[in-house]
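Everything below concerns the one structure shown next.
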Amino acid sequence: MSSATGSGRPRGRPSEGAREALIAAAHELFLADAYDEVSTAAILARSGISRGALYHHFPSKLDLFRAVYEASERRLIERIGVEVMKARSPFEGLVAGARAYLRESETNEELRRIGLLQSRAVLGWEGWRAAASELGLGVVLALATAAIEAGEIPRRDPGTLAVVILGALIEAAMLIATADPAERAAARERSEAVIVDLLEGLRR
């Protein structure tokens, strides 16, 4: 007996591309509204994917948000990576990456709404930290470690250094993201000056 439905699709198997369609639809909705205001029904309607396929890929709306957040962070890291690669040394790369991140927090609505304003509140501190460890924290750790190995900054525990640097960057970005739109450029300039001073201070 054939296991296919009348449409030719194997019974019980979510359609190809369902995961990507769900993430894309959820991304659009989370970008427009807060997590609690986005319903599963709205995600299904936007994506055109069945409820069964949704739960096959994402057991809960929280799991889907995590996937949206991680995809958003990877795109952000790719953009920042372009600026880091232009640097002549690991330390300069660290500074360039910090500047790029703060510029993104000023101009990038996706980072502002999903990466900064929603992620920690929705995922919780532990959930956010687990995701960040594989994403932004990993990038800062790699750059900090390389700068130490190159003798550009004194030897410190790289893990501790990366957490402190990323924490300062995120708090600076939050100042920018929560500023009045007309004041975000000025908030970014102030925050960038402080962050660069902090990083430069590591070399003393």
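Per atom type, the chain shows carbon and sulfur on 54% of its accessible surface, probed at 1.4 Å.
Given a Förster radius of 30 Å and the C-beta distance between H56 and E171 as r, what FRET efficiency does 1/(1 + (r/R0)^6) yield to the nearest 0.05?
Values: r = 38 Å, r/R0 = 1.27.
After rounding to 0.05, the efficiency reads 0.20.
Note on A41 and R74: their simple-model spin labels are 3.2 nm apart, each label 7 Å out from Cα toward Cβ. Ordered by solvent-accessible area of protein heavy atoms (1.4 Å probe), largest first, the residues D180, D63 come out as D180, D63.
Based on the Cβ-Cβ distance of E149 and E28, what FRET efficiency does E = 1/(1 + (r/R0)^6) give at R0 = 45 Å, to the nearest 0.05? After rounding, the FRET efficiency stands at 0.60. Surface analysis of the chain yields an accessible area of 53 Å² per residue, using protein heavy atoms and a 1.4 Å probe. In this Cβ point-charge picture (+1 for Lys and Arg, -1 for Asp and Glu), the chain has a dipole of about 580 debye about its Cα centre. A straight line joining the Cα centroids of segment 70-125 and segment 153-170 runs 16 Å. Farthest towards the positive end of the charge dipole of the chain, among the residues L22, G52, G115, is the Cα of G52, using unit charges on the Cβ of Lys, Arg, Asp and Glu. Take the Cβ atoms of E20 and E109, set R0 to 22 Å, and the FRET efficiency comes out at 0.55.
What shape does segment 93-148 take by its C-alpha gyration tensor, where a ≥ b ≥ c are the square roots of the eigenvalues and a/c under 1.5 counts as rounded, a/b above b/c as prolate, and the rest as oblate? Judged from the Cα gyration tensor, segment 93-148 comes out oblate (a/c at least 1.5, b/c at or above a/b). In the chain, the calculated helix contribution to ellipticity at 222 nm averages -22500 deg cm²/dmol per residue, counting -39,500 (n - 2.57) for every DSSP H run with n ≥ 4.
Counting only whole DSSP H helices of the chain, the ones at least 15 Å long by C-alpha along their axis and with mean Kyte-Doolittle hydropathy no lower than 0.0 are 18-32, 136-149, 158-177.
The values are calculated or read from the model by the stated rules, or taken from the named source; none is laboratory data. Because the structure is a prediction, the values reported are computed rather than measured. Glycine also receives a Cβ, built like all others from the backbone with ideal geometry; neighbour counts cover every protein chain displayed. Note: areas computed on protein heavy atoms with side chains; ligands, DNA, RNA excluded. Shrake-Rupley method; radii C 1.70, N 1.55, O 1.52, S 1.80 Å.
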